[in-house]
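The values are calculated or read from the model by the stated rules, or taken from the named source; none is laboratory data. Just so it is clear, the structure is predicted and the values come from calculations on it, not from any experiment. No Cβ is skipped: glycine too gets one built from the backbone with ideal geometry, and neighbour counts run over all protein chains shown.
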2 protein chains.
Amino acid sequence: MKLYDYAYSSAGYRVRIAMNLKGIPFERSSIHLVKNGGQQHSPTYKAINPQELVPTLEVDGHLIGQSLAVIEYLDETHPTPPLLPNYPLERARVRQLANLIACDIHPINNLSSRHRLKEMGHSDDEIMTKWYAHWITRGFAALEQLVAAAKETGRFCHGDAPTLADICLVPQMANAYRFKIAVEAFPTLVRIDKACRELPAFAAAAPEKQSDAA
Amino acid sequence: MKLYDYAYSSAGYRVRIAMNLKGIPFERSSIHLVKNGGQQHSPTYKAINPQELVPTLEVDGHLIGQSLAVIEYLDETHPTPPLLPNYPLERARVRQLANLIACDIHPINNLSSRHRLKEMGHSDDEIMTKWYAHWITRGFAALEQLVAAAKETGRFCHGDAPTLADICLVPQMANAYRFKIAVEAFPTLVRIDKACRELPAFAAAAPEKQSDAA
């Protein structure tokens, strides 16, 4: 399998964690999102991913875009260890937590949204303080509430083994740390993130461990 | 089952379509997203959905937020008719198309994002022309490319039966029509949307058919 990816893509980071947890060997093809105006906009890559986004997973000539679609595919084809629990209500809980991050924090703060805000006249500083921090703080506040009070929460977001929810949490938390967003109000998320990063599969997937890191 | 929902929520619209396709009876509880500053912000509803978003599905006292998590749950517990194909690569394709809309168009254009842009000084007109239209047009361009060329595409986004991808497409297309975004450049999406809306399950889920429609 070949993963079109960029070290600092948090959607790519999710797929790297999933691949590592499953122990699936893969080749990485770096698509630098900043260099030369963004390699994701090259005609070659546009043919691979018409959204001009990473990651894309190539499997036997088939191309899969969208990180959650990729991870569900990996979970269906390489079921051990599972990234979703066994029972539908539990699976729904994990997917709810994952989608809270993957729909309602990440894309709103993504490079392309920030780029658009710049085109609409906002400074980098304004984008970071009024937009980026706003969506992480708002999303994490809801997530903390969903996780802190629930009996289903264990060492990780759901029980004592990592799931899709943790796979989404860790890259989002890395963004928060990278851009110095205050996370003290989310002690459960901070604790779970730390527990995840102690696992080799998560540690090896970190942006700074990738060959295309700055 | 009880669905906390609002007629013009496109995430709610997705769940209504899925419920109708499966033939699952459900009660609707209207959470008016505009009246009284937004009923989703009431303490009662915040306890149901800490993100202060609709929809939420209540099943035997359990609460599931995030429309895609809800629909995957419905598909697992009420497998007929299936909303995802049988084979992992095909399921991945459908989830990719669905997530393109559910992650990279809808939340960026959601009421709360538009509200935030207003707080950052933009007029309604600017938000509609420079932001809302931008993300629909950009997302639909990629989606059209993914769907138009693929041999997997049939009467619907994937084959000749509706899937999760169509469930996401129709509410997004409804938004485009409602806000007069040009869709002529996306003939395959226009065709599929029309084919979907001819089905009673889609027709009955339309915003204007709901008791809380304006």
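Quick notes
- Of all residues making up the range B:173-187, the number that are surrounded by 24 or more Cβ atoms within 10 Å (Cβ to Cβ) and not hydrophobic (A, V, I, L, M, F, W, C): 0
- Residues that are among the basic types (Lys, Arg) and more than 11 Å from chain A (Cβ to nearest Cβ) were ranked within the range B:109-137; the one that is nearest to B:Leu53 (Cα to Cα) is B:Arg114.
- Residue match in the range B:95-108 (condition: within 11 Å of chain A (Cβ to nearest Cβ) and in contact with a strand residue (DSSP E or B) (Cβ under 8 Å, 6 or more places away or on another chain)): yes
- Matching helices (runs of 4 or more DSSP H) fully within the range B:153-214 where at least 3 residues are among the charged types (D, E, K, R): B:187-197
- Condition met for B:Leu63 (surrounded by fewer than 22 Cβ atoms within 10 Å (Cβ to Cβ), closer than 17 Å to B:Leu164 by Cα, touching a strand residue (DSSP E or B) at 6+ places or on another chain (Cβ under 9 Å) and free of Cβ contacts under 8 Å to residues at least 60 places away in the same chain): no
- Set B:His78, B:His41: member being within 21 Å of B:Ala98 (Cβ to Cβ) and not small (Gly, Ala, Ser): B:His78
- Test: residue in the range B:146-155 that is modelled with pLDDT of 95 or more, more than 26 Å from B:Pro79 (Cα to Cα) and touching a helix residue (DSSP H, G or I) at 6+ places or on another chain (Cβ under 6 Å): yes
- Among residues of the range A:178-204 that are over 11 Å from A:Ala141 (Cα atoms), those with a Cβ under 7 angstrom from a residue that is of a type in the set (Asp, Glu), sequence gap 6+ or separate chain, pair up as A:Ile192/A:Asp166; A:Cys196/A:Asp166.
- Which numbered condition B:Gly121 misses (of (1) in a helix (DSSP H, G or I); (2) assigned by TED's automatic domain parsing to the domain that holds B:Ala150; (3) without any contact (Cβ under 8 Å) to a residue 40 or more places away in the chain): (1)
- Residue in the range A:39-48 that is facing another protein chain (nearest Cβ under 9 Å), closer than 21 Å to A:Gln172 by Cβ and modelled with pLDDT of 95 or more present: no
- Looking only at residues of the range B:5-26 that are out of contact with any Leu (no Cβ under 8 Å at 6 or more places or on another chain) and outside any helix (DSSP H, G or I), we find that the one that is surrounded by the most Cβ atoms within 10 Å (Cβ to Cβ) is B:Asp5.
- Looking across A:Lys35, A:Lys46, A:Lys22, one residue alone is closer than 19 Å to A:Phe202 by Cβ, out of contact with any Lys or Arg (no Cβ under 9 Å at 6 or more places or on another chain) and not hydrophobic (A, V, I, L, M, F, W, C). It is A:Lys22.
- Positions within the range B:139-149 being in contact (Cβ under 8 Å) with a residue 12 or more places away in the chain, facing chain A (nearest Cβ under 8 Å) and surrounded by fewer than 18 Cβ atoms within 10 Å (Cβ to Cβ), in sequence order: B:Ala141
- Any hit, the range B:150-160, residues being surrounded by fewer than 17 Cβ atoms within 10 Å (Cβ to Cβ), within 20 Å of B:Arg178 (Cα to Cα) and either within 10 Å of chain A (Cβ to nearest Cβ) or of a type in the set (Gly, Ala, Ser) (or both): no
- Count of the range A:49-62 residues, restricted to those that are among the charged types (D, E, K, R) and facing chain B (nearest Cβ under 9 Å), is 2.
- Residues in the range B:127-152 that are in a helix (DSSP H, G or I) and either among the charged types (D, E, K, R) or touching a Leu at 6+ places or on another chain (Cβ under 8 Å) (or both): B:Ile127, B:Lys130, B:Trp131, B:Arg138, B:Gly139, B:Phe140, B:Ala142, B:Leu143, B:Glu144, B:Leu146, B:Val147.
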